[in-house]
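Have a look at this one.
The values are calculated or read from the model by the stated rules, or taken from the named source; none is laboratory data. From a predicted model like this one, the values you see are computed outputs, not experimental measurements. Here the Cβ positions follow ideal geometry from the backbone for every residue, glycine too, while neighbour counts run over all protein chains shown. What goes into the accessible areas is simple: the full protein's heavy atoms, side chains included, and nothing from ligands, DNA or RNA. Shrake-Rupley method; radii C 1.70, N 1.55, O 1.52, S 1.80 Å.
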Amino acid sequence: MKIKSSEITDEKTYLNRRNFLKAGALAGTVAATGLAYRWLNPAKIELAARKDIENFEPAPEPGRDEKTSLEDITNYNNYYEFSTSKTAVAAAAVSLKTRPWEITVDGLVAKPRVFGIDELLKFDQEERIYRFRCVEGWSMVMPWVGFPINALLDRVEPLSKAKYAAFQTFYPGSNPVNLKLPEGDNGMQSGIFAGIRFPYVEGLRLDEALHPLAILATGLYGKELPNQNGAPLRLVVPWKYGFKSIKSVVRISLTEEQPPTTWNIANSREYGFYSNVNPNVDHPRWSQATERRIGELVRRKTLMFNGYSEEVADLYEGMDLRKEF
Ligand SMILES: Nc1nc2c(c(=O)[nH]1)N[C@H]1C(S)=C(S)[C@@H](COP(=O)(O)O)O[C@H]1N2
Ligand SMILES: [Mo]
C-alpha cells in the first residue's frame, strides 16, 4: 500500500503508516525511475524494473540486522555545523529552525524550480529500512521515511549534458538564490571550529542519484526527521559511507563537472568522491574490514557496498574501486 500524499499531514500520520512500504511502493518507484533514467541510459530502466522491494530491507538473515533504537539514532550523530562531539549534536541542533524552508533544484535541468518543504512532504513517502555505515567504523540500521531522489529530479527534467548532482546544506549567510530560509545563526558554528568548510557540500554521479535506493529522507521511525538527523530533508545513500548523506539540504544542482565535496576538500587522500562502502579498501588510518554496530559488543564484517551489491554493483562496472575510492 502506498501512502497517499494527501494523508501525510502530521506526526500521527507518519506514526500510523509504519508498514506502508511493501508491495505498492515499488510500482511508483519504478515508474518514476524509468522516466528519470531515460535522460541517461535506457539500459538502466531494466535494472530498476528488476528490483524487488524486499531487497530494500536490510535483513539477509533473520535477526542479523535489527533496527537501531531511536535513542541511539538521535543521540549519536555527526553534524559538524552543530558540534564535533557526537553526543552533543542533539542538544545543539534544537536551535535549528526548519521553517520557512525552500530547496532549489537548478543547474542543467530544463525546468529549474524552487520547492517549499511542505510540497516535498506531499510527495509519496515510503519507509526504507537501510544499513548505515560511517567511514569511522560504526554502523546502524535506520528506518527512514522519504522518497527516491529521482521523483524530484523528474519534475525538473535533467538535460542530457547533466552528469552529476551537487548538494548543499543550509548555512547561515549562504543563500545564493534568495531562498526563504530561517534567519539567524540557528546555533551553527564556524567551520574553523569544525575543521571543515561550510556550507557542507556533497555530490553524486547522476546515475547514482537516480538509483531507486538513493532517497531524500523526511522522517525516521515513522515521525518527522529530528533536527540532529538532518531536518527537514537529508540525502540517504545506503551503499556509501555516511558522510555522503548530506543533511538539511537547500540546494541540488545538476552539473557537467564532478562537484566538490566537503570531506574530499578537507583531505583528498582519505576521502574520495565515490566513497562506496568497501571492506577491501582501508582508510589510510584504519581498516574498513569490520564495523561496530551501535548497540552491539562484537564487531561485525563490513559488507561490499554495505550489502547492496546486487542493486548497485553495475553502476561501477569497469571501474578500479581502489583508485576511484
Ligand atoms: N551537513 C552535514 N551533513 C552530514 C554531516 C555533517 O557534519 N554535516 N555528517 C555526515 C556524517 S560523517 C555522517 S556519519 C552522517 C550521520 O548521520 P546521522 O547523524 O543521521 O546518523 O551525516 C552526514 N551528513
Ligand atoms: Mo560519518
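Go through the residues of the stretch 173-187 one by one and say whether even a single one is part of a strand (DSSP E or B) and surrounded by fewer than 17 Cβ atoms within 10 Å (Cβ to Cβ).
So far as the stretch 173-187 goes, yes, one or more of its residues are part of a strand (DSSP E or B) and surrounded by fewer than 17 Cβ atoms within 10 Å (Cβ to Cβ).
Yes or no: the stretch 245-256 includes at least one residue that is open to solvent by 10 Å² or more (accessible area, probe 1.4 Å) and within 12 Å of the chain's Cα centre (by Cα).
Yes: one or more hits.
Going by the conditions given, is residue 155 touching a residue at least 24 places away in the same chain (Cβ under 8 Å) and touching an Asp or Glu at 6+ places or on another chain (Cβ under 8 Å)?
no
Hey, another quick one. If I filter the stretch 114-123 for residues that are under 24 Å from residue 190 (Cβ atoms), of a type in the set (A, V, I, L, M) and under 20 Å from the mean Cα position of the chain (by Cα), do I get at least one hit?
No.
Can I ask one more? So which of 256, 270 is farther than 17 Å from residue 169 by Cα, in contact with a Lys or Arg (Cβ under 6 Å, 6 or more places away or on another chain) and acidic (Asp, Glu)?
After ruling out the rest, the residue left standing is 256.
Can you tell me which of (1) within 16 Å of ligand 1 (Cβ to nearest atom); (2) assigned to a loop (DSSP other than H, G, I, E, B); (3) more than 30 Å from residue 280 (Cα to Cα); (4) open to solvent by less than 40 Å² (accessible area, probe 1.4 Å) is the one residue 135 doesn't meet?
If we test residue 135 against (1) within 16 Å of ligand 1 (Cβ to nearest atom); (2) assigned to a loop (DSSP other than H, G, I, E, B); (3) more than 30 Å from residue 280 (Cα to Cα); (4) open to solvent by less than 40 Å² (accessible area, probe 1.4 Å), just (3) comes out false.
Regarding the stretch 132-144, can at least one residue be identified that is of a type in the set (Asp, Glu) and within 16 Å of ligand 2 (Cβ to nearest atom)?
Yes, because at least one residue in the stretch 132-144 is of a type in the set (Asp, Glu) and within 16 Å of ligand 2 (Cβ to nearest atom).
A follow-up question, please. Which of the residues spanning the stretch 142-155 are touching a strand residue (DSSP E or B) at 6+ places or on another chain (Cβ under 8 Å) and surrounded by fewer than 21 Cβ atoms within 10 Å (Cβ to Cβ)?
Listed by number, the residues that qualify are 143, 155.
Against the definition (in a loop (DSSP other than H, G, I, E, B) and either in contact with a Pro (Cβ under 7 Å, 6 or more places away or on another chain) or modelled with pLDDT of 95 or more (or both)), how does residue 296 come out, yes or no?
Considered against the rule, which asks whether it is in a loop (DSSP other than H, G, I, E, B) and either in contact with a Pro (Cβ under 7 Å, 6 or more places away or on another chain) or modelled with pLDDT of 95 or more (or both), residue 296 comes out as no.
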